[in-house]
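Contents: one structure, followed by commentary.
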Amino acid sequence: MSTHTTGKRFYFWAAVSGLVGGAVFLAIAELAALLFSSTSSPILAVGSFVIDIVPRPLKEFAISTFGEYDKIALLAGLGLAVVIASAIAGVLEYIRPPLGVIALVLAGILSGAAILTRAEATALAFLPPLLGTLAGAAILFFLGRRLRAWRDAHLSGADAREDGLDRRRFLLMTGIAGVSALVVGVAARTVSAATASADAIRRALKLPAPKSKVTIPSGAELDVKGISPLITPNADFYRVDTALTVPNIDPSTWRLVIDGMVDKRVELTFQDLLDMGLDEYAITLTCVSNEVGGNLVGNAIWQGVPLRDVLKMAGPKAGADMILSTSIDGYTASTPLSAGTDENIDAILAVAMNGEPLPPEHGFPVRMVIPGLYGYVSATKWVTELKITTFADDQAYWTPRGYSAEAPIKFSSRVDTPKSGSPVKAGTVPIAGVAWAQTVGIERVEVSIDNGEWMPAKLSNPINKDTWVQWVLEWDATPGTHYVAVRAINKNGDMQVEERAAIAPNGSSGWQRSLVTVS
Ligand SMILES: Nc1nc2c(c(=O)[nH]1)N[C@H]1C(S)=C(S)[C@@H](COP(=O)(O)O)O[C@H]1N2
Ligand SMILES: [Mo]
């Protein structure tokens, strides 16, 4: 072979190395966009940028020519442009290093500008184009160097073994980088697209107005700085689950199956639930992992349907004593069947939280909420199946992992302010927080300072027995370090358990005691 024809071969591989550099750039940017900022996928940002700057006549031409495929045509055109530009960058890097790398960095800066000037750009939006550019430039740099080494070995008439070694090194590096970019890029884009479409469906969803609303009585919320708000905003609501990525469920394909020990297997659609009519319920959720004084507890207004009405459709058979609920991701919870059928317990299948469809991370489109039971045995998110069974026959996710199969919430009280470790000024200082005893209600909260007598705190007017109440005690704080203890008494007259218990196997107990420094 003459050096002339083999020279062409090197140009071909230079173009391929450019394509691989471009692919790595896009793949790393997609991955970073998935992790840090979903609004900063370079291809989509540049596409949106093009849509925004294209003059109207051209836009109309695109729509009339491609119809509903105009976006696909745009993306295809962009893809072709990226392919050509990447190939050119590869060739440039081969004949005039570092021109190719410079071209790629320029493209990175341009896509970064397209991303950062978009209205929905988030604080971390610069990361995807930056990381993508760095990775793509590095790959292009090394591939260019390898390619030139191979060419030099080839042209210098080095022995065939040396030539073959350099060729294999280049091809191996190109192959590994190219295949990795393809796999990572396609996977990241697919996940992003699925998330985005589920999110769009959720945002477009209009739930029917509930048949009944929760009335918040006057005096339900105390005006104390630093106390937990009566209703926990969705954005601040604690989240606990085993889901590595939040499941994306399209409510139009979602189904709830009620089976097991039932007269009749029942399958419900999302619309079936809505057609039952929604009611509003205020219920405080608590996690078994909540330590004394911890924040794995939140209060929300839910909209949903009674679980008992859904169970009735299937007709649980005699002998059954457990509902094994399953989430779309395989998570399971064991709930006493009685909690689901009791007329006096507001066990629900919830579809809305604080006036909006359930947030994805809180179980969209449907979750269970049952007052009085810890979340892990009652509050299955993304629920898809209710199997009527027995505690003897079935086990839920946490049961073989050291937690009780049944776990009623241990009623408790928490100090929100003053916080341990943040000193306060002498004078009148409110000591305030929340207390909860779901299904029973809180009768009294008491505070003791420096082991002194127990003083009753003022309580907010409770919404119902299933929600927490706020409490406050105006304290005449004197300089020094003081010891604050709090305890609650429920409406059955029971005292909050004083002995400390660990969260496993069935929830923490103990009175919260904290040190407050007064200056
Ligand atoms: N699918 C699923 N549902 C789940 C869990 C889970 O891991 N997976 N965790 C449960 C636990 S332990 C609690 S405390 C509540 C928490 O609900 P939240 O994240 O909406 O606050 O969800 C429950 N539902
Ligand atoms: Mo939990």
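The values are calculated or read from the model by the stated rules, or taken from the named source; none is laboratory data. In this text the structure is predicted, and so the values were computed from the model without any measurement. Positions of Cβ are backbone-derived with ideal geometry, glycine not excepted, and every protein chain shown enters the neighbour counts.
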Quick one: in the range 335-351, of everything that is in a loop (DSSP other than H, G, I, E, B) and surrounded by fewer than 18 Cβ atoms within 10 Å (Cβ to Cβ), which residue is farthest from ligand 2 (Cβ to nearest atom)? Glu343
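From Val472, Val516, Val497, Val445, grab the single residue that is assigned to a loop (DSSP other than H, G, I, E, B), touching a strand residue (DSSP E or B) at 6+ places or on another chain (Cβ under 9 Å) and either among the polar types (S, T, N, Q) or closer than 24 Å to Leu296 by Cβ (or both). Walk me through it before giving the result.
Numbers: Val472 fails: assigned to a loop (DSSP other than H, G, I, E, B); Val516 fails: assigned to a loop (DSSP other than H, G, I, E, B); Val445 fails: assigned to a loop (DSSP other than H, G, I, E, B).
Matching residue, one of Val472, Val516, Val497, Val445: Val497.
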Pairs where the first residue, in the range 375-403, is in the same structural domain as Phe364 (by TED's automatic domain parsing) and the second is hydroxyl-bearing (Ser, Thr, Tyr) and away from ligand 1 (no atom under 15 Å from the Cβ), C-beta under 7 Å, 6+ apart: none
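Do we have any residue at all in the range 390-398 that's more than 11 Å from ligand 1 (Cβ to nearest atom), among the hydroxyl-bearing types (Ser, Thr, Tyr), over 24 Å from Lys211 (Cα atoms) and out of contact with any Lys or Arg (no Cβ under 7 Å at 6 or more places or on another chain)? Steps first, please.
Going residue by residue through the range 390-398, those that are more than 11 Å from ligand 1 (Cβ to nearest atom) are 390-395.
Checking the rest, the ones that are also among the hydroxyl-bearing types (Ser, Thr, Tyr) come to 390.
Checking the rest, the ones that are also over 24 Å from Lys211 (Cα atoms) come to 390.
If we keep only those that are out of contact with any Lys or Arg (no Cβ under 7 Å at 6 or more places or on another chain) too, we end up with 390.
Taking every residue of the range 390-398 in turn, at least one turns out to be more than 11 Å from ligand 1 (Cβ to nearest atom), among the hydroxyl-bearing types (Ser, Thr, Tyr), over 24 Å from Lys211 (Cα atoms) and out of contact with any Lys or Arg (no Cβ under 7 Å at 6 or more places or on another chain).
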Of (1) modelled with pLDDT of 75 or more; (2) of a type outside the set (Ser, Thr, Tyr); (3) more than 22 Å from Val184 (Cβ to Cβ); (4) within 31 Å of the chain's Cα centre (by Cα), Leu92 satisfies all except one. Which? (4)
Run Val240 past the list (1) within 16 Å of ligand 2 (Cβ to nearest atom); (2) touching a residue at least 60 places away in the same chain (Cβ under 8 Å); (3) under 29 Å from Thr389 (Cβ atoms); (4) out of contact with any helix residue (DSSP H, G or I) (no Cβ under 7 Å at 6 or more places or on another chain) and report the number of the one that doesn't hold. (4)
If only one of Ala243, Ala209, Ala194, Ala204 is touching an Asp or Glu at 6+ places or on another chain (Cβ under 8 Å) and closer than 30 Å to Gln271 by Cα, which one is it? Ala243
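Please pick out the residue among Ala73, Ala45 that is in a helix (DSSP H, G or I), assigned by TED's automatic domain parsing to the domain that holds Ala137, of a type in the set (Gly, Ala, Ser) and over 20 Å from Gly108 (Cα atoms).
Details: Ala45 fails: over 20 Å from Gly108 (Cα atoms).
Result: Ala73 is the single residue among Ala73, Ala45 that is in a helix (DSSP H, G or I), assigned by TED's automatic domain parsing to the domain that holds Ala137, of a type in the set (Gly, Ala, Ser) and over 20 Å from Gly108 (Cα atoms).
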Matching option when the condition is surrounded by fewer than 20 Cβ atoms within 10 Å (Cβ to Cβ), out of contact with any Ser or Thr (no Cβ under 9 Å at 6 or more places or on another chain) and not aliphatic (A, V, I, L, M), among Glu453, Glu406: Glu453
Go over the candidates Ile249, Ile227, Ile283, Ile216 one by one and state the one that is within 15 Å of ligand 1 (Cβ to nearest atom) and in a loop (DSSP other than H, G, I, E, B). Ile249
Out of the residues in the range 363-389 that are charged (D, E, K, R) and within 14 Å of ligand 2 (Cβ to nearest atom), state the one that is farthest from Thr245 (Cα to Cα). Arg367
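So which residues in the range 352-382 are assigned to a strand (DSSP E or B) and either farther than 23 Å from Ser334 by Cβ or within 16 Å of the chain's Cα centre (by Cα) (or both), if there are any at all?
Quick first cut of the range 352-382, residues assigned to a strand (DSSP E or B) only: 352-353, 356-357, 367-369, 373.
Matches in the range 352-382: Ala352, Met353, Glu356, Pro357, Arg367.
Within the range 243-259, how many residues are of a type in the set (Gly, Ala, Ser) and free of Cβ contacts under 8 Å to residues at least 60 places away in the same chain?
Just the residues of the range 243-259 that are of a type in the set (Gly, Ala, Ser), to begin with: 243, 252.
Pick out the ones that are also free of Cβ contacts under 8 Å to residues at least 60 places away in the same chain and you get 252.
Number satisfying all stated conditions: 1.
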